[in-house]
Protein chains: 2
Amino acid sequence: MVGYSTVTQTTSPQERPARRKRMSREARERQMLAVAEEVFADHGYRAASMEEIAERCGVSKPMLYEYFGSKDGLLLACLTRARAELHDVTAAAMAEGTDPMDTLTRGLIAYYSFTDSHRRSFELLKNEAAGLPYAAAEAVEEARRQQHNLIAPILAQWAPGIGDIEIEAYTEIIIGACERVSLWCTVRDVTPEDAARYTIDFCWGGLQALYERGNVTA
Amino acid sequence: MVGYSTVTQTTSPQERPARRKRMSREARERQMLAVAEEVFADHGYRAASMEEIAERCGVSKPMLYEYFGSKDGLLLACLTRARAELHDVTAAAMAEGTDPMDTLTRGLIAYYSFTDSHRRSFELLKNEAAGLPYAAAEAVEEARRQQHNLIAPILAQWAPGIGDIEIEAYTEIIIGACERVSLWCTVRDVTPEDAARYTIDFCWGGLQALYERGNVTA
DNA sequence: TCGGTAACTTACCCGAGGTAACTTACTGGC
DNA sequence: GCCAGTAAGTTACCTCGGGTAAGTTACCGA
């Protein structure tokens, strides 16, 4: 009844520690992070239980608390690690750029590649599916679809010769831009009218216009 | 001990129903939605408790469950209402547009005005502060700051004559666009390279280029 | 070989979401 | 005016998962 049994502990099939074994703090911590990321991605933050993460590590719950303090702390550690990785990858890619456009392009490809290969984790975050009930995330996505349906026809009418996939891409770009700008302008105390102007200016002329303006004025 | 006392029930000070009173289902439902939106905005979804929402309504917890089924259901109802409102406002504004650019501009102003005036609710959603621990939202925001610091200097170097606030605005636009595109391209199965191309094309030439291309090709 | 420490455990607490069963006030028909 | 029927409301409870206290065992260096 006391002490712990030496039961054979199966974590995920591909991982080796079939028999519960003591590990150094750092090793255990790395393992926990990896497992946590997986479980969070699988069920979403809310639905993920500390119990399950602990179990998959072949360890009991209090160990998680020993190392990460709380469920929030564990998520935070996952995020911090992922963020560092994303930053390293994109910054490295951009460092090879020869001119501004090239640098930007390299950065974008690195970014999209990273988010693509870590797709499960990023769906969890970018999407607010993380901490919100599934239905809520769905409702927000529906709001975006509505916006999509307001914007896409305009672009299509505007430039009839363009392919559907590009219309879609550009529509998504505008929607994403709007969301970020709406947040930014409350922080920076920018009026809705100015925000709309910046957005329109950018969407209309793009960086090319910015370049010309910038280098004429300068 | 049985039945409920006729204790004077104070909800929020500015609201009138000082004395607990029976209400029709629709009236109670509307009140609950309003209170819930406020409480969710105040504490975030996670930290908000059904108990508090019920209390502020001057009613007991099971009533909330009677009307909305669950905490998730309550949030969902709030979202659905807000989404409908946002859609109505922007669609109405756009209906008055005379040409594509004008329509887009009107839509943007309506959108930014709406999110600005409902700022508290939208911080809760747009930000993932909703269901995630505060520290986690902070960590994601930090990731965006890193991206900002990668992109802004390029734009500044690229167009030296442009004001700082515009650089900031454009940087945020690009960041928002990237997030949305990264999600979109996993759904539509677009390669990172194509995604980068769409993004760059849009950012470089903007809609103007799209227009010219579209109407020459057509 | 032996003690100290760091990796681990069991067994518990508590708070918040959620529910069953019961009570009370309003409503329309006689 | 009275009296059912029902819709609005209640209390008292359950459960599950995050979080903790106190104790146990394996490893390592002297």
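The values are calculated or read from the model by the stated rules, or taken from the named source; none is laboratory data. If you're wondering where the values come from, they're calculated on a predicted model, not measured in any experiment. FYI the Cβ positions are ideal-geometry reconstructions off the backbone, even for glycines, and counts take in every protein chain you see. Just the protein is used for accessible areas: all its heavy atoms, side chains included, with ligands, DNA and RNA removed. Shrake-Rupley method; radii C 1.70, N 1.55, O 1.52, S 1.80 Å.
Tabulated results
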{"quantity": "Gaussian network model of chain A, Cα within-10 Å springs - most flexible of A:169, A:110, A:93", "calculated": "A:169"}
{"quantity": "Charged-residue dipole, Cβ positions (Lys, Arg, Asp, Glu), the protein assembly as shown about Cα centre, Debye nearest 20", "calculated": "1960 debye"}
{"quantity": "Per-residue ³J(HN,Hα) for the stretch B:37-43, Karplus 6.51 cos²θ - 1.76 cosθ + 1.60, θ = phi - 60°, Hz, x for Gly and Pro", "calculated": "4, 5, 5, 4, 5, 5, 10"}
{"quantity": "3J(HN,Hα) from dihedral phi, the stretch B:184-198, Karplus parametrisation 6.51/-1.76/1.60, rounded to Hz, x for glycine, proline", "calculated": "4, 6, 6, 5, 8, 6, 9, 6, x, 5, 5, 4, 5, 5, 4"}
{"quantity": "Difference of contour (0.36 nm per residue) and Cα-Cα distance, residue A:63 to residue A:30", "calculated": "10.6 nm"}
{"quantity": "Buried accessible area, chains B and A (both chains, 1.4 Å probe, Å² to nearest 100)", "calculated": "9800 Å²"}
{"quantity": "Axis-nearest residue of A (beta carbon) for the A-onto-B rotation, whole Å", "calculated": "A:131, 1"}
{"quantity": "Label-to-label distance, nm, for residues given as residue B:23 and residue A:51 (7 Å Cα→Cβ offset)", "calculated": "3.8 nm"}
{"quantity": "Pseudo-label separations to other copies for residue B:193 - Cα-to-Cβ vector, 7 Å, nm", "calculated": "4.7"}
{"quantity": "Accessible solvent surface per residue of the stretch B:61-175, calculated while the other protein chains remain in place, 1.4 angstrom probe, Å²", "calculated": "42 Å²"}
{"quantity": "With every protein chain in place, the protein assembly as shown: carbon and sulfur % of accessible area (1.4 Å)", "calculated": "54 percent"}
{"quantity": "Unit charges at the beta carbon, dipole of the protein assembly as shown: most positive-side option, B:110, B:35, B:58", "calculated": "B:58"}
{"quantity": "Stretchable slack from residue A:116 to residue A:138, in nm (0.36 nm times residue separation minus alpha-carbon distance)", "calculated": "5.8 nm"}
{"quantity": "Values of log10 I(q)/I(0), in the order q = 0.09 Å⁻¹, for chain B under a Debye, Cα-only, solvent-free model", "calculated": "-0.57"}
{"quantity": "Proximal lysine pairs, the protein assembly as shown, alpha carbons under 17 Å, eight or more residues apart or interchain", "calculated": "5"}
{"quantity": "For residue B:67, label point 7 Å along C-beta direction: distances to other copies, nm", "calculated": "4.6"}
{"quantity": "Per residue convex hull volume, Cα atoms of the protein assembly as shown, in Å³", "calculated": "184 Å³"}
{"quantity": "Residue A:188 versus residue B:99: modelled label distance in nm, points set 7 Å from Cα along the beta carbon direction", "calculated": "2.8 nm"}
{"quantity": "Pseudo-label separations to other copies for residue B:156 - Cα-to-Cβ vector, 7 Å, nm", "calculated": "4.2"}
{"quantity": "Shape of the stretch A:133-218, Cα gyration tensor, a/c cut at 1.5", "calculated": "oblate"}
{"quantity": "Candidates B:36, B:91, B:137: whichever shows maximal mean-square fluctuation once chain B is modelled as a Gaussian network with Cα springs under 10 Å", "calculated": "B:91"}
{"quantity": "GNM result for chain A, Cα springs below 10 Å: residue of A:143, A:196, A:48 fluctuating most strongly", "calculated": "A:196"}
